[in-house]
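Worksheet: the structure to be examined is printed underneath.
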Amino acid sequence: MEFAKLGLYNQAIILFAALALLTSFLMLAQARMLPLIFTFAWQGFLLTMVTVLVAMVTDHRDLYVSALLTFVLKVVVIPWLLYRLSVRLQMQYNAEQIAHPTLLLISGVVLVIFSYFVAKSIIHLSGLATRNIIAVSIAIELLGMLLMCVRKSAVAQVIGFMSMESGIFFAASVSAYGMPLIVELGVAFDILVASILFGVFFFHLRDSFGSLDVGQYNHLSEANGADAIDVRPVMASAHTPGDHA
Amino acid sequence: MDSELSFWALAVVQTLTFIAAAPLLAGWVQRVKCHLQNRAAPAVWQPYRDLTKLFGKRLVVAHNASWLFRATPYIVFGAMLMACAVVPLVVVHVPTAAIADVIVLVGFFALARFFTALAGLDIGTAFGGMGASREMMVAALAEPAMLMVVFTFSMTAHTTNLSVTTAYILHQGLLLRPSFLFALLALAMVAVAETSRIPVDNPATHLELTMLHEAMILEYGGRHLALIEWASQIKLMIYAVLLINFSFPWGIASEPTLQALSLGVLVVAAKLTLVGVVLVVWETVMAKMRLFRVPQFLGFAFMLSVLGMLTHVMLEGGN
């Protein structure tokens, strides 16, 4: 497939898909909470743009509904919920310490190469115009998983989870021009409920452990003996300025 | 034969223009920056005045300076001279570009940097050694990213020749290539690091703890300093022209007629003016990074350039 011979819309689809992949990397590199949420919203916006363009090019009407769902959930509702949560938990200005940031980015690149090799066999079978983007959607999924693996803050892990979900949605719309509408609606509703539940969980976690840093939950293990009983002072002493309140 | 000769003459004139215009770009950047920061701005030709003053000064060299220290300014300036001879500025078809491709261009920069670092160590002052080690750290991280950017462009254009690459981009028209976008972003980040601008280095400071490039050339004066300053102005201009040629080369002359050439000069001047303004806005809104944040910055640039190459293979069908 010669890139120069593609129409403008098809070029735009590819460009927006590539930019969505870039936002996944930006989320990996972003240590601050608010920009992380905004980058997630930008990724949702780019995926919406791709879905709308695919709907225009292939004349699949139901993809517009899918695009609307993506826009409402991934650009408006979930980022707004996360924003409100982080303001109420007073962690919107927190910056996480990312261990080995460059190694993280390089391993992200390795994941992209891996997903290209996985998608290669699908690409050969498929005749769709968007078949090259399947690799990108798998990569967005895997990068979301990487974000969940490496981050210690619970909110960042939730963003990684949501990003994985975006990747699955995206894979559906570029590899099969969307799932059946009933499935999409069901998944979207699940995600909405999940994001509200996560919010409730955040408050419970903070109330019982005093922190949203999952790395600190290890202190609860019984191996620690006596000092494990009295958790809160340990937590408080582990706080550094600028850490979670 | 006649047209071949005229292209060679054009290449020589273009190189001389390049060298002569480099302080003007630096002066323009300085002037806009002063305006943005509410300071009284010097004239645009202030760098020419500075260079003239430095060339007129008596040469003072430290007692323990070896031949290396004296030779370095000439090697650095010579490397930059060779580098700007292969970059198309006004005309696309530069015959000199066939002699040295873009990998050699990176090599010229490395040569200049190597000798500057050696000269910084040669005198034996603490600042020289510190500056040399810092510059080498930045260079070791910036160079792979720069080479990956170059490879991304040359995979699309099927050549590493700068003239042919520019002509290819000129010929294919405006395409929304994600690989070019990523490579250009990475090139801009590398350019910021290599030309010692904020946030990696501050060219206007002589503060010991934050100096990178300045620390190495602290011992230089007179015409040596003039040559080194001039060379770094040329380097800034080379990176600006590279960014222009790779992103938006339209307007550059493709045949040696007077009309095309004058249009080429006007367009490239307008674009360089714009690049200068963008650079100043970037430098004004950014704060200087801590030295130990620089690897992360350049690591991101490297990741972007690798991503550019990957999207070329994955999304653009390798063509």
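What follows draws every value from the coordinates through simple rules; no lab data is involved. Quantities reported herein were computed from a predicted structural model and do not represent experimental measurements. Heads up, the Cβs are rebuilt from the backbone with ideal geometry, glycines too, and the neighbour counts pull from every protein chain shown.
Applying 1/(1 + (r/R0)^6) with R0 = 56 Å to the Cβ-Cβ distance of B:Q37 and B:L16 gives a FRET efficiency near 0.95.
What is the local net charge at B:V61, summed over the other residues whose Cβ is closer than 13 Å to its Cβ (Lys, Arg +1; Asp, Glu -1)?
Details: positive: B:K57, B:R58, B:R70, B:R223; negative: B:D122, B:E219.
Result for the local shell: +2.
Please rank B:K271, A:K5, fewest neighbouring Cβ atoms within 10 Å first, as an exposure proxy. All intermediate terms of the calculation are to be shown ahead of the outcome.
On the way: B:K271 21, A:K5 9.
In order of increasing Cβ crowding within 10 Å: A:K5, B:K271.
With both labels modelled 7 Å from their Cα along Cα-to-Cβ, the A:L181 to A:F201 distance reads 3.2 nm. Between the helical axis of B:258-285 and the longest alpha-carbon principal axis of chain B there is an angle of about 50 degrees. Given R0 = 25 Å, the distance between the Cβ atoms of A:S107 and A:I168 translates into a calculated FRET efficiency of 0.75. The spacing between region A:55-106 and region B:42-112, judged by their C-alpha centroids, is 48 Å.
Nearest 0.05, what FRET efficiency do A:D190 and B:W282 give at R0 = 51 Å with Cβ-Cβ as r? Efficiency for this residue pair is about 0.75.
Explain nothing, just the number: relative contact order of chain A, from Cα pairs under 8 Å at least 6 residues apart, as a whole percent.
On the way: 273 pairs, mean separation 50.5, N = 245.
It comes to 21 percent, rounded to a whole number.
I need A:C149, B:C84 ordered by Cβ neighbour count within 10 Å, fewest first.
A:C149, B:C84
Rounded to the nearest 10 degrees, the inclination of helix A:154-175 to the longest alpha-carbon principal axis of chain A is 10 degrees.
Express in whole angstrom the spacing between the alpha-carbon centres of region B:7-34 and region B:199-275. Measuring centre to centre over Cα atoms gives 7 Å.
Work out the mean other chain Cβ neighbour count within 10 Å for the residues of A:128-139 and drop it here as an integer. Numbers along the way, then the final one.
Values: counts 0, 0, 0, 0, 6, 2, 1, 5, 5, 0, 0, 2.
Per residue, the average neighbour count from other chains is 2.
Full extension of the chain between B:T210 and B:L68 gives 48.5 nm of extra length, using 0.36 nm per residue less the Cα-Cα distance. Here the extension length gained between B:H158 and B:R290 equals 43.6 nm, from 0.36 nm per residue of separation less the Cα-Cα distance. Between the helical axis of B:222-247 and the longest alpha-carbon principal axis of chain B there is an angle of about 20 degrees.
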